[in-house]
Every structure is written in C-alpha cells, then in structure tokens.
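Student: Got a structure for you, questions after.
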Amino acid sequence: MLHFIKPNYLYFTLFLFASCEKIITLPVKDNESKLVIEANITDKVGPYFVKLSKSISINESKAYPIINNGTVIIADNTGIKDTLKYISQGIYKTNLIKGVYGRTYFLEVNVDGKKYTAQSTMPNKVNLDSLRINLFPINGENQFSIIPVYKDPIELGNSYRFIQKINDTLDDNYNIFTDNLNNGKVNQRPLNNGNENISIKIFDVVSVEMQCISPSAQLYYFTLTQQGGAGPGGGTAPTNPPNNINGGALGLFSAHTTQTKVIQIPFY
C-alpha cells in the first residue's frame, strides 16, 4: 500500500531542509608538479625527439613549463648509446640511434639530480594494406567512418594505435585496437567517426597513421580511452595513466612502427 505525505508536513520538511542549508567549501590540494616525458622512436629514419616539461597545478592555466637543463640518453640492446642534443622548447634530438623492429631501447633522463629510466621494444610491423570507407545511413543521412585494412598475425598479443586526421584537422579520439577478438584475421573494425566538432563528410580527405605499439603503450592509451568519457553518464575518474617510466615521471616512452595512408570520400 502506498502512503502519501500530507501537504502541511511536506512544507515543514522542505522548510527544515532549507533552514539547515550550509555552504561547505572543500579544500582542494594542489597536485604535485612532476616531470613529463614524451619520447618516441619509430621505424622511420631519424632523428627522433624527446620532450621534457613539467605538469602544473589544477588551479593554473598557463602552459607546461619546459625543461632545458636535462640530460637525455637513449641506448639499444646492440650497444649503441646516444646522448641527445637540446634544441629548444624542451625538445632533445637524437644523433645516432636507429629504429629497428624487435630492438629494445633504453631511455635515461636526468633532471635536477634525479634519474628517470624506461625501456620499450619495437614490435614487428604489420602492413596497412589500404583504407576502406564504411557508409552507414542514420535518419536518412549518410554517415562515414574509415576501416583500416590489415591482416593481424597469427601470434596473439598485437596492439595498434590509429591517428586520424580529417582535412589536416586532428581527430582527438584514441583508437586503440588489440587482436583479442580478431587474432589472425583481416580487420573489419572501423575507427571512431570523429567527434562533436569534427566528422567525416563527402569530399573530405582523411589520413590515417597506423602504429604497432608495445603492451605498455597499449595500456597507457587504453586507460586514456576509458577516461575520455569521464563525467556524467560514463567514463572513469581522471587519473595518471600507468606508464613504463621509472622514477615518478608522467608521459610515455614508445618504440613503435608507423605508416600512413590517405583516402578521399567520394560523392554518393
């Protein structure tokens, strides 16, 4: 049986809650400033670059401070050791190191007396054969997405990152694929179709970069995809994604392959 509150009791209850209202200010602790390392080695001809900066407080809106007094060294498992040269804006450039499939790379960064280390092994390249247009009508209007066509190797454990540009505008979606569901098969999965501010339309030129990435890079970017929907209705609370850098720095050291193909959407 349903019971209803009498109106006069309801008014009293609302008045009681209203009269007890109190403004509570929660203390917000500034987050600790940490070193941010962005380091990539690819199978393309070098040089390669490492960027050093520092994170800022959540209460600040200025750009990340750059680090121009660091020492950056990259070595590989064949004995090559490369001390990077500082260029500008926190960017350091390699001189000797080469990106080769299957080779393991070791990063060492020294800043203000503290050392940070990381390592990454470059996976074998999986060939990006072509790009296919995926057309799907919604409410009488044609929508488009791109399917990167490649055959996953029979060995389980391959991971991929796709970076999409629409008319030279970067789509900031994270497209991270694994072979958990299509191991050894030709990919049929489309990339995310842009976002609220950018989507694929007729006559657009779309470029797609395919990266074969390491397990540590896959976990890093996958975590970012989970945080991308943070807020009402979905996603997880933002936090620093797990990375492969020892010493407490943010960022990622990634040795990966790269290849890019371009396609134009025709008139339908």
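Readers should treat all values here as calculations from the given coordinates under stated rules, not as data from a laboratory. These numbers were taken from a predicted model, which means no experiment stands behind them. Because the Cβ atoms are built from the backbone with ideal geometry, glycine has one as well, and the counts that use them run over all protein chains shown.
Student: In nm, what is the difference between 0.36 nm times the number of residues separating Lys81 and Leu96 and their Cα-Cα distance?
Tutor: Taking Lys81 through Leu96 to full extension adds about 4.6 nm, to one decimal.
Student: What residues have an amide H closer than 5 Å to that of Ile146, excluding those fewer than 5 places away on the same chain, when H is modeled at 1.01 Å from N in the peptide plane?
Tutor: Amide H neighbours of Ile146: Asn134, Leu191.
Student: Taking the Cα of Asp168, stepping 7 Å toward and past its beta carbon, and measuring to each backbone N in region 66-106: which are under 20 Å?
Tutor: none
Student: What pairs in Lys44/Lys85; Lys93/Lys125; Lys54/Lys261 have C-alpha atoms more than 31 Å from each other?
Tutor: Violating the 31 Å Cα-Cα cut-off are Lys54/Lys261.
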